[in-house]
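Here the structure comes first, spelled out in structure tokens, and everything after it is commentary.
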Amino acid sequence: MKKKDLGKSLIICAVSAIVFLVLTVPFRNRLQLFYVLEVRPSAVLNPVLGMMFGLPAALGCTFGNFALDMIWGGASLGDGIIFMIPQFLYGYVPYLLWKKWNKKDRRPNTIDNVTHVLRFIAATTIATLVLAILVGIAIGRSYGSVETGLNFAFFCFINDVVFNAFLGIPLMIGVNKLITHDKLEHCERLLLWAAGIEAVVVGIIIKASMVMNPGHDLHDQDFWEEIYLVCLAVIAACIIASIVLIAIWMQNRLTEKDYDLSIAAKIQNSMLPDDFTTDENDGYSIYASMTPAKEIGGDFYDFFKVDENHVAFVNADVSGKGTPAALFMMRSAQAIRGYAKLGLPVNEVLEKANESLAEHNEDMYFVTAWVGILNLKSGNISFANAGHNKPVLRKSNGDVSYVNQETGLLMGIKPAKFKTEEIKLDEGDMLFIYTDGVTEARNKNHDMFKEDRLLSSVASADNNPQALCEKVFNDVNEFSYQCEQYDDITMLAIKYERSI
């Protein structure tokens, strides 16, 4: 461990111990019930600080409890050391459970959804049960009485469950906000409101119990157990109500999100040309498809007439997925189409588009692109490549091969120069362009589809663009059967039919 990390851990440990002592001593002095047992709201500190800060906080609370038992509890040194074990587990077990259950969460150290609420309750309840059992056994052996151990364990369990449910959730949220300075989420506000209602109701219950029992003894364990049971019912009702409200709110939010994503997907799809109709006079045939890995994708294709004798076609892959990638994809498609329609050489099309994309690109998105312009009289394709995959050339006799090309730089990051290259299509030849979602598709064994399988797939397809794209797509699907699609799959095939 580095000195810096060690120093940080020692500070967390010391602060946790001091906070634990400061908040527990008043209750030990005023509401001690038996030996090392008192009404203890600070029982919430062990699991919450443990979940937030891990081992150092769990140790800090353990040392704080040891000092409490030795100085203010009258425990022997042996008992104090024995009690350290369950106290440590009480703080560290929730950390292990919380870390395991929330390792994929974006914000692991807070409670902002129903799942977090349920996991928090489960983690703290499991830890409380472990603490109660171990401490109950220790007390029972120390006093030679199973009944004493059971009474101690029961009160310890109910005390900690009540205060973890009552104070734990708002404390977890509060500590997180102090560290991150984030704003409260809607779910967090609901939970804090529920905690406030619980506080008012619990206060009324305690006050009413004292009024109704004028001869009560604040040091009577039975008196507090009755209060705890009523409070537990109130807290459970508030938590259940909070969970229901959060679930309703999240469902509404998901519905709104789904609606927004469906609108975004429609806008994106409207930008992808879907009319592949050509006739004999056009001199070419073409087909393309884009299958996103999420609701909306970052890949795109495009094709359009530059003039009567030239048709441009594009295949591109934007970094990332989802809405941000889709927005950058729209910018990329518009930029490439706009500069290509000016009749610029294909390398200048990429250079101008790249300059446009690099502006106001604070998030550093980038795009790989392959842009070609087919001369319908000669069959020559002028193309430029910006870090995209090598296309596959399928000759009219069925031979297939990858096109040799310059790799080119990615677009969108910084100014760059691109090279114009050429390839000749004879009548009946096809060119197949694709994104890496094709070759990097994986099966159950984590094997990738790769370039060799793609060549075989192209070679075995019928000799028209739509059949070729559908063949490759079906082969990829069969290869990755029952596996999640991790990347967008986009492909375009163009066939040179004859000179016009």
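Values in this text are rule-based calculations from the coordinates and carry no lab data. Predicted model, so just to flag it, every value in this text is computed and none were measured. Cβ coordinates were reconstructed from backbone atoms using ideal geometry, including for glycine residues, and neighbour counts include every protein chain displayed.
Once you have a ≥ b ≥ c as the square roots of the Cα gyration tensor eigenvalues for the range 278-496, tell me rounded if a/c is under 1.5, and otherwise prolate or oblate according to whether a/b is larger than b/c.
In terms of gyration-tensor shape, oblate.
Using r as the Cβ-Cβ distance of residue 186 and residue 426, and R0 as 56 Å, what FRET efficiency do you calculate, to the nearest 0.05?
Step by step, r from the Cβ atoms, then E = 0.35.
Using helices alone, what [θ] at 222 nm do you get for the chain, with -39,500 (n - 2.57) per DSSP H run of 4 or more residues, divided over all residues and rounded to the nearest 500?
Counting only the DSSP helices, I get -19000 deg cm²/dmol.
Which of 152, 223, 66 has the fewest other C-beta atoms within 10 Å, and how do the rest follow up to the most?
Ascending number of Cβ neighbours within 10 Å: 223, 66, 152.
Need one word for the range 370-417: rounded, prolate or oblate. Basis is the Cα gyration tensor (sqrt eigenvalues a ≥ b ≥ c); a/c below 1.5 gives rounded, then a/b vs b/c decides.
Oblate, because a/c is 1.5 or more while a/b does not exceed b/c.
Which longest uninterrupted range of the chain lacks any GluC sites (Glu not before Pro) assigned by DSSP to a loop state (not H, G, I, E or B) and surrounded by at most 16 other Cβ atoms within 10 Å?
1-184
Treating each Cα of the range 3-259 as an identical point scatterer and ignoring solvent, apply the Debye formula and state log10 I(q)/I(0) at q = 0.13, 0.14 Å⁻¹.
Cα-only, vacuum Debye calculation for the range 3-259: -0.85, -0.98.
Within the set 390/419; 305/417; 395/417; 266/352; 341/495; 305/495, which residue pairs have Cα atoms separated by over 19 Å?
Flagged as over cut-off: 305/417; 395/417; 266/352; 341/495.
Kindly put 39, 349 in sequence by how many other C-beta atoms sit within 10 Å of each C-beta, fewest to most.
39, 349
What ratio of Cα Rg to 2.2 N^0.38 Å holds for the chain?
Here the answer is 1.45, to two decimals.
Suppose the chain between residue 396 and residue 100 were pulled fully straight at 0.36 nm per residue; how much longer would it get relative to their current alpha carbon spacing?
Net length gain for the segment: 100.9 nm.
Looking at the range 351-417, which trypsin sites (Lys or Arg not before Pro) are DSSP coil and have at most 12 other C-beta atoms within 10 Å of their C-beta?
377, 417
For a footprinting-style exposure proxy, rank 98, 72 by other Cβ within 10 Å, fewest first.
By the 10 Å Cβ count, ascending, the order reads 72, 98.
Using only Cα atoms, tell me the angle between helix 114-143 and the longest principal axis of the chain; keep it within 0 to 90° and round to the nearest 10.
For 114-143 against the chain, the angle is about 30 degrees.
For residue 486 paired with residue 467, estimate the spin-label separation in nm (one decimal), with each label point 7 Å from Cα along the Cα-to-Cβ line.
3.4 nm
How high is the FRET efficiency from residue 85 to residue 22, r the C-beta distance, R0 35 Å, rounded to 0.05?
For R0 = 35 Å, the calculated efficiency reads 0.90.
Using R₀ = 25 Å, calculate the FRET efficiency as 1/(1 + (r/R₀)^6) where r is the Cβ-Cβ separation of residue 442 and residue 334; round to 0.05.
0.15
Cut-off under 19 Å on the C-alpha distance; same-chain residues fewer than 8 positions from residue 444 excluded. Which aspartates and glutamates are left, in chain and number order?
Answer for residue 444, where 19 Å is the Cα cut-off: 436, 452, 475, 478, 484, 487, 488, listed by chain and number.
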